[in-house]
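The values are calculated or read from the model by the stated rules, or taken from the named source; none is laboratory data. Quick caveat, the model's predicted, so the values are computed rather than measured. Backbone-built Cβ (ideal geometry, glycine too); neighbour counts: all protein chains shown. To get the accessible areas, we keep the full protein, side chains included, count just its heavy atoms, and leave off ligands, DNA and RNA. Shrake-Rupley method; radii C 1.70, N 1.55, O 1.52, S 1.80 Å.
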Protein chains: 2
Amino acid sequence: MVHNMAIIGYGGMGGWHHSSIREMVPELRVKGAYDIRQEIQQKISANGLHAYQSVEELLADETVELVTIAVPNNFHKDYAIACLKAGKNVVCEKPVTLNAAELEEIIAVSKEEGKLFTVHQNRRWDRDYRVVKNILESGVIGKPYFIETRVQGSRGSMHGWRGYKENGGGMLYDWGVHLLDQLLDMIPSRVVSVSAHLESVFTEEVDDNVKLMLLFENGVSALMEFSTNCFINHPRWHVSCTEGTAVVENWECDGKIVKLAENAEQMKWEDDIVYTAAGPTRTMAPRPAHTTQVLELPKVDTKWEDYYRNIVGVLEQKEELIVKPEQALRVMKLIDMVFGAVEHGGIATCYI
Amino acid sequence: MVHNMAIIGYGGMGGWHHSSIREMVPELRVKGAYDIRQEIQQKISANGLHAYQSVEELLADETVELVTIAVPNNFHKDYAIACLKAGKNVVCEKPVTLNAAELEEIIAVSKEEGKLFTVHQNRRWDRDYRVVKNILESGVIGKPYFIETRVQGSRGSMHGWRGYKENGGGMLYDWGVHLLDQLLDMIPSRVVSVSAHLESVFTEEVDDNVKLMLLFENGVSALMEFSTNCFINHPRWHVSCTEGTAVVENWECDGKIVKLAENAEQMKWEDDIVYTAAGPTRTMAPRPAHTTQVLELPKVDTKWEDYYRNIVGVLEQKEELIVKPEQALRVMKLIDMVFGAVEHGGIATCYI
C-alpha cells in the first residue's frame with residue numbers, strides 16, 4: 001500500500017524530504033507541495049510534484065494522508081494544528097515549536113483528532129549516535145559517567161531565517177534539539193540541572209555558539225557544544241565509562257575504544273612518580289601501553305529512511321511510533337529551561 | 001645574600017622542593033628538613049640536610065628564615081600557623097587548606113606576625129599555561145569565550161593519603177586547585193556560577209574524576225576536567241576565541257592556532273549546502289582550507305624556579321608577591337562552593 005503525502009515548505013529541508021522519500025521509501029508517494037514563495041512553486045512543478053496554490057488547497061486534498069512541515073520554526077504550530085484539524089497525520093521539522101507550551105497545544109489537538117503527530121528527529125538514525133548507543137548498551141567499557149557530544153563548524157553564521165529570533169533561529173533550536181534528543185534517548189534518567197552558556201559571536205539576535213552541561217539523576221553528566229566558530233574540532237563524541245573511553249571522531253565514524261587489557265589487574269608495572277614536562281606526577285603519568293587494549297568501534301547498520309518506514313508502520317497500525325511527541329516535549333522543556341537559565345547566572349535546577 | 005630555609009614533610013613533593021632549589025635557586029639554601037616518619041629522617045640526612053628531630057627544633061632554629069610545608073593537606077593549617085608564630089616566612093603546598101575559613105585563619109596570623117605567607121602555585125609558571133595566557137593577552141585570535149583546561153590520566157587511583165577524605169584527598173584538591181588558580185589568574189572577571197560533577201570511580205572516599213563548568217561575569221565560560229580514568233585524552237587546552245581557535249595538546253606544548261586568513265572576508269567561495277555523512281548541512285560543512293591560516297603557538301620563556309626567585313625578591317623587599325594569599329583564598333572559596341554544589345543538583349550561583 002502506498003500512502004500519499006504532501007510537504008509544506010519546499011526549501012532546503014523540504015526538498016530533502018522529497019528526494020529522500022522518492023529514492024528510499026516506496027511506501028510513501030510525495031504527491032505535491034506548497035511553498036509561500038512564488039519562485040519555489042515553479043521548482044515544485046519542475047520536480048514533478050503538484051504545486052498547491054494555497055494551504056487550503058493542500059488540506060482539501062483528500063488523497064493526502066500525511067503532511068510534512070518544513071517551514072521556519074515560528075510557523076510550525078499553526079500549520080501543524082491546521083493539518084491535524086483537516087484530518088492529516090503530521091511530521092513536523094524540528095525544533096517543532098519555540099517552547100513547550102506551544103507543543104502541548106499541538107499534542108492536545110493531535111489527541112482530539114486522533115491523528116499522528118511526530119517530529120523529524122531523524123538524527124536518532126545517525127550512524128555516530130547509533131555507534132555510541134551500541135557501546136553503552138553492550139557495556140563493553142562499563143557504565144558511562146561523562147558524555148561529550150558536539151557539532152563544530154567554522155562558517156561563522158546562522159543562515160537565512162535561522163539568524164532571526166522571531167523565526168526561532170540559533171544553534172540551540174537548530175542543532176541543540178537533535179543532540180538533546182539523542183542524549184535523552186540514550187540516558188535513562190531525569191536531568192537534574194543544567195549550566196548553559198549561549199554566545200552570539202556573529203549573529204547578534206540568536207545564539208550561534210552554545211555550551212551546555214547537563215547533570216542527570218543517575219550520576220551521568222554531559223557536555224554539549226554547538227559551535228559555528230571552531231577552527232580546531234573536538235571529536236563528535238567522547239565517552240568516559242568506568243572501564244574505558246570511546247571516541248567517535250566524525251560523522252564517518254572514525255574512532256576507537258581504549259580500555260584496560262584483559263589481565264591488566266595482574267600485570268606488574270612500576271606505578272611510580274614520572275618526571276614529565278610539567279614536573280613530577282604519578283596520577284597524570286602515562287599508563288604503559290601494554291596494560292591497555294584498543295578495540296574497533298562496533299559496526300552498526302542504520303538507515304535514515306527507517307524514520308519514514310516507522311511512520312508508515314504507524315499509519316498501517318503495525319508499529320509503535322519511535323519518535324514520540326512526549327519525547328519532543330521533554331526536549332522543549334529543557335530548551336525552555338536553558339533559555340530561562342541564561343537570565344539567572346546560566347544555571348537551573350530541574351527534574352525533566 | 002643567601003636565605004636559609006627548611007622543609008616540613010620530606011615526601012615526594014618535599015624532596016622535589018629540595019632538589020629544585022638546590023639546582024636552580026642559589027639565593028636559597030635548604031638547611032634541613034623535618035618528617036614525622038623515622039625512615040624519612042634517614043633519607044633527609046643522606047641527602048646532606050640536617051634532620052630536625054621535631055618541629056620545635058626546626059622552629060627554634062633562628063638561622064631559618066623560610067619554611068616550606070609539604071605534608072598532607074589536613075596538617076597544613078596547624079604547621080603554617082606554628083611557623084608564622086615562630087617568626088618564619090611560609091610557603092605552603094597546595095591546596096593550602098581544606099576550606100576558605102581555615103585559610104582565613106592563617107592569613108590573619110600572617111598579618112599579625114608581619115610574615116610572608118604564600119602557596120606553592122608553581123603551575124603559574126607551567127609552559128602550557130603561559131602559552132595560553134600569551135595568546136589571550138596578545139589578542140591574536142580576538143577575545144576568548146570558551147576555555148577548556150584538562151588533565152587526564154588513566155592510572156585509576158589517588159595515591160597514598162590523597163585517597164582519604166580526612167587528609168584532603170581527591171582530584172579537586174590535588175589538581176583542581178592548580179587549574180582553578182591558572183584560570184582565575186587568566187580571566188579578569190568574577191565567577192558567577194558553577195556546575196560540578198564529582199565522580200568516585202575507583203577511590204570511594206574522594207573525587208577521582210571531576211568536571212566543572214564555570215561561567216564568568218564577562219561572558220567567558222570554562223570547562224575543567226581532572227580525570228584518573230581517561231584512556232583517550234583531549235588536548236591540555238582548547239581555547240575558543242572570537243577570531244580563531246588555539247590548542248595546546250600536551251605539556252610539551254605541541255599544538256597550533258587556526259584563524260581566518262588575512263583577507264578571508266573578501267574571498268569568494270561557495271557557501272552552499274554540503275552533503276556530509278550526516279546529511280545536508282551548511283552550518284556544519286567544512287570551511288575551505290584556503291580561507292584559514294595556521295599559526296605556530298607562541299614561544300614563551302618560563303622557569304619554575306622563578307616561583308622561589310619571587311619569594312627571595314619579597315624577602316629582600318625588592319618585589320611584590322606574585323602568588324597572593326587572597327588569590328589562594330578565592331580558589332578555596334570556589335572549592336567550598338563546588339563541594340557545596342554537589343549537595344544541590346551540582347550547581348551553585350556565586351560572585352567570587
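Identify all residues within the range A:226-241 that are open to solvent by less than 10 Å² (accessible area, probe 1.4 Å) and either more than 12 Å from A:Ile147 (Cα to Cα) or more than 8 Å from chain B (Cβ to nearest Cβ) (or both); write none if there are none.
A:Phe226, A:Ser227, A:Thr228, A:Asn229, A:Cys230, A:Trp237, A:Val239, A:Cys241
What pairs come out if I take residues in the range A:41-70 that are without any contact (Cβ under 8 Å) to a residue 40 or more places away in the chain and pair them with residues that are open to solvent by 70 Å² or more (accessible area, probe 1.4 Å) whose C-beta lies under 8 Å away, six or more apart or interchain?
Every condition considered, the pairs that remain are A:Gln41/A:Gln53; A:Ile44/A:His50; A:Ala51/A:Gln42.
Any idea which of A:Pro72, A:Pro26, A:Pro95 is of a type outside the set (Lys, Arg) and more than 23 Å from A:Arg309 (Cα to Cα)?
A:Pro72
Looking at the range B:242-255 only, could you name the residues that are surrounded by fewer than 24 Cβ atoms within 10 Å (Cβ to Cβ) and more than 7 Å from chain A (Cβ to nearest Cβ)?
If the condition is that a residue be surrounded by fewer than 24 Cβ atoms within 10 Å (Cβ to Cβ) and more than 7 Å from chain A (Cβ to nearest Cβ), then B:Glu243, B:Glu249, B:Asn250, B:Cys253, B:Asp254, B:Gly255 are the ones that fit.
Enumerate the pairs (first residue in the range B:308-321 and in the same structural domain as B:Leu116 (by TED's automatic domain parsing); second residue anywhere and modelled with pLDDT under 95 and assigned to a loop (DSSP other than H, G, I, E, B)) with beta-carbon separation below 8 Å, excluding pairs fewer than 6 apart on the same chain, so at least 6 apart or on different chains.
Close Cβ pairs satisfying both conditions: B:Glu316/B:Met1.
Scan the range A:331-352 residue by residue and report those that are open to solvent by less than 50 Å² (accessible area, probe 1.4 Å) and in a helix (DSSP H, G or I).
Answer for the range A:331-352, where residues must be open to solvent by less than 50 Å² (accessible area, probe 1.4 Å) and in a helix (DSSP H, G or I): A:Val331, A:Met332, A:Leu334, A:Ile335, A:Met337, A:Val338, A:Gly340, A:Ala341.
For A:Lys77, only one of the following conditions fails: (1) of a type outside the set (A, V, I, L, M, F, W, C); (2) in contact with a Ser or Thr (Cβ under 6 Å, 6 or more places away or on another chain); (3) open to solvent by 50 Å² or more (accessible area, probe 1.4 Å). What is its number?
Of (1) of a type outside the set (A, V, I, L, M, F, W, C); (2) in contact with a Ser or Thr (Cβ under 6 Å, 6 or more places away or on another chain); (3) open to solvent by 50 Å² or more (accessible area, probe 1.4 Å), only one is false for A:Lys77: (3).
Being touching a strand residue (DSSP E or B) at 6+ places or on another chain (Cβ under 8 Å), open to solvent by 40 Å² or more (accessible area, probe 1.4 Å) and of a type outside the set (D, E, K, R) is the filter here; which residues of the range B:274-291 pass it?
B:Val274, B:Pro286
Residue pairs, Cβ under 6 Å, 6 or more apart or interchain, first in the range B:14-35 and among the hydroxyl-bearing types (Ser, Thr, Tyr), second part of a loop (DSSP other than H, G, I, E, B). List them.
Taking only residues 6 or more apart or on different chains, the pairs are B:Tyr34/B:Tyr52.
Considering only residues that are of a type in the set (Ser, Thr, Tyr), touching a residue at least 24 places away in the same chain (Cβ under 8 Å) and in a strand (DSSP E or B), look in the range A:227-275 and name the one that is nearest to A:Met186 (Cα to Cα).
Step by step, filter the range A:227-275, then rank; the result is A:Ser240.
Which one of these is open to solvent by 10 Å² or more (accessible area, probe 1.4 Å), assigned by TED's automatic domain parsing to the domain that holds A:Tyr10 and free of Cβ contacts under 8 Å to residues at least 40 places away in the same chain: A:Glu137, A:Glu105?
So the residue among A:Glu137, A:Glu105 that is open to solvent by 10 Å² or more (accessible area, probe 1.4 Å), assigned by TED's automatic domain parsing to the domain that holds A:Tyr10 and free of Cβ contacts under 8 Å to residues at least 40 places away in the same chain is A:Glu105.
For the subset of the range B:132-156 comprising residues that are touching a Cys at 6+ places or on another chain (Cβ under 9 Å) and part of a loop (DSSP other than H, G, I, E, B), which member is nearest to B:Asp174 (Cα to Cα)?
Ranking the candidates gives B:Gly153 first.
Please tell me if A:Gly176 is in a helix (DSSP H, G or I) and either open to solvent by less than 10 Å² (accessible area, probe 1.4 Å) or of a type in the set (Gly, Ala, Ser) (or both).
Criteria met by A:Gly176.
Please specify each residue of the range A:310-330 satisfying the condition of being part of a helix (DSSP H, G or I) and either facing chain B (nearest Cβ under 9 Å) or in contact with a helix residue (DSSP H, G or I) (Cβ under 9 Å, 6 or more places away or on another chain) (or both).
A:Pro325, A:Glu326, A:Gln327, A:Ala328, A:Leu329, A:Arg330
When you go through (1) open to solvent by 40 Å² or more (accessible area, probe 1.4 Å); (2) farther than 29 Å from A:Pro235 by Cα one by one for A:Phe117, which number turns out not to apply?
The single condition A:Phe117 does not satisfy is (1).
Return yes or no: is B:Asn167 more than 8 Å from chain A (Cβ to nearest Cβ), surrounded by fewer than 23 Cβ atoms within 10 Å (Cβ to Cβ) and not in a strand (DSSP E or B)?
In short, yes.
Could you tell me which numbered condition B:Val191 fails, if it satisfies all but one of (1) modelled with pLDDT under 95; (2) of a type in the set (A, V, I, L, M, F, W, C); (3) surrounded by 24 or more Cβ atoms within 10 Å (Cβ to Cβ)?
Among (1) modelled with pLDDT under 95; (2) of a type in the set (A, V, I, L, M, F, W, C); (3) surrounded by 24 or more Cβ atoms within 10 Å (Cβ to Cβ), the lone unmet condition for B:Val191 is (1).
Mind checking whether some residue in the range B:266-273 is surrounded by 23 or more Cβ atoms within 10 Å (Cβ to Cβ), hydrophobic (A, V, I, L, M, F, W, C) and farther than 22 Å from B:Val192 by Cβ?
No, the range B:266-273 contains no residue that is surrounded by 23 or more Cβ atoms within 10 Å (Cβ to Cβ), hydrophobic (A, V, I, L, M, F, W, C) and farther than 22 Å from B:Val192 by Cβ.
Would you call B:Glu205 away from chain A (no Cβ under 12 Å) and part of a helix (DSSP H, G or I)?
For B:Glu205, the condition - away from chain A (no Cβ under 12 Å) and part of a helix (DSSP H, G or I) - is not met.
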